Amino acid sequence: MNGKKAIFSLLVLALLGIYGVFVPLESGSFQQENGEIQKVIVTSVFDNYQINPELQTGWGFGTVIQTPEEMVLFDTGGNAEILLSNMAALHIAPQSIDTVIISHVHGDHVGGLEGFLDKNSQVMVFIPASFPHAIRNMITSKGAQFVDVSGARKISEGIFSTGELYGPPKEQSLVIHTPKGLIVMTGCGHPGIVSIVKKAKALFPETKVYLAMGGFHHPPIEAVQGLRALGVEKVAPSHCTGDQVIEAFRREYQHDFIPYGVGKIIEIK
């Protein structure tokens, strides 16, 4: 019987490898087999920093993640009119979005959701489990569906949530697995950018962090060296990071610093 069980286990592992399934380990990390997203295009559609002068700025964060399989909107900024206007200028139709992920409950990240759902309700919305019921009711009233996220989980092929991490408020960040390493994307980074990157590394202990990006929530200057110590190769801080800390990242990372703001497009493959 022991021999048969061993053979069965090997067959299961082989199938998992073939189909690129991510298997949670006992430590809470993910075992990755052939699940990298071969090409990712990240486009800022809402930010208070501006890269494309033809687009509108607003306090908040919103980024579209394009993979060969789907289009994901991570956060919706604080104003649906600005969000939709910028998406139109960038030739991103609301109807092209398959999945919406909201990092946390603050209005500058969830404020554009209702207006977006008026344009496209055929999406699944991943929200932190700590969200108030009023937001769930709004989502379903528009005809969309939602998923509560508490612990770390797979969202779709190559895209993962860290799960709720405590700020306050509770917030989820994204981990995107690419051939160059992990992209760690934060909405506002209330739990602390260093802590969020540590969580991503715990989920994928054998994979380096290629890029940390998004709002870092006014971290102390020490966060710059904190990310260096964790081996983060490139950074693209924006939104609520703060000008002083952004400049500190720019000086430290030099050519590995990526200016990020509305209209910025980053292609990773």
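The values are calculated or read from the model by the stated rules, or taken from the named source; none is laboratory data. What you see is a predicted model; the values in this text were computed from it and never measured. Quick reminder, even Gly has a Cβ in these numbers, built from the backbone with ideal geometry, and neighbours come from all protein chains shown.
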### Query
Based on what the data block shows, is I18 in a helix (DSSP H, G or I) and modelled with pLDDT under 95?
yes
### Query
Has the range 78-101 got at least one residue that is touching a Phe, Trp or Tyr at 6+ places or on another chain (Cβ under 7 Å) and of a type in the set (G, A, S)?
yes
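Residue-wise test of (1) under 28 Å from A200 (Cα atoms); (2) touching a residue at least 40 places away in the same chain (Cβ under 8 Å); (3) among the aromatic types (F, W, Y).
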{"site": "Q38", "(1), (2), (3)": "yes, yes, no"}
{"site": "T43", "(1), (2), (3)": "yes, yes, no"}
{"site": "G77", "(1), (2), (3)": "yes, no, no"}
{"site": "L84", "(1), (2), (3)": "no, no, no"}
{"site": "A88", "(1), (2), (3)": "no, no, no"}
### Residues within the range 60-87 that are among the polar types (S, T, N, Q) and either crowded, with 24+ Cβ neighbours inside 10 Å or farther than 24 Å from E171 by Cα (or both), tallied
4
### Query
In the range 138-169, which residues are closer than 18 Å to H109 by Cα, among the acidic types (D, E) and assigned to a loop (DSSP other than H, G, I, E, B)?
E164
### Query
So which of I246, I258 is in contact with a strand residue (DSSP E or B) (Cβ under 6 Å, 6 or more places away or on another chain), within 23 Å of G58 (Cα to Cα) and without any contact (Cβ under 8 Å) to a residue 24 or more places away in the chain?
I246
### Summary
For the range 165-177, pairs from a residue that is touching a residue at least 40 places away in the same chain (Cβ under 8 Å) and surrounded by fewer than 24 Cβ atoms within 10 Å (Cβ to Cβ) to a residue that is β-branched (V, I, T) and in a loop (DSSP other than H, G, I, E, B), with Cβ under 6 Å and 6 or more apart or across chains, are P169/V105
### Query
Looking at this structure, is R153 charged (D, E, K, R), surrounded by fewer than 18 Cβ atoms within 10 Å (Cβ to Cβ) and within 23 Å of F46 (Cβ to Cβ)?
no
### Task
State all residues of the range 103-122 that are more than 11 Å from G77 (Cβ to Cβ) and surrounded by 22 or more Cβ atoms within 10 Å (Cβ to Cβ); if no residue qualifies, say none.
S103, H104, L117
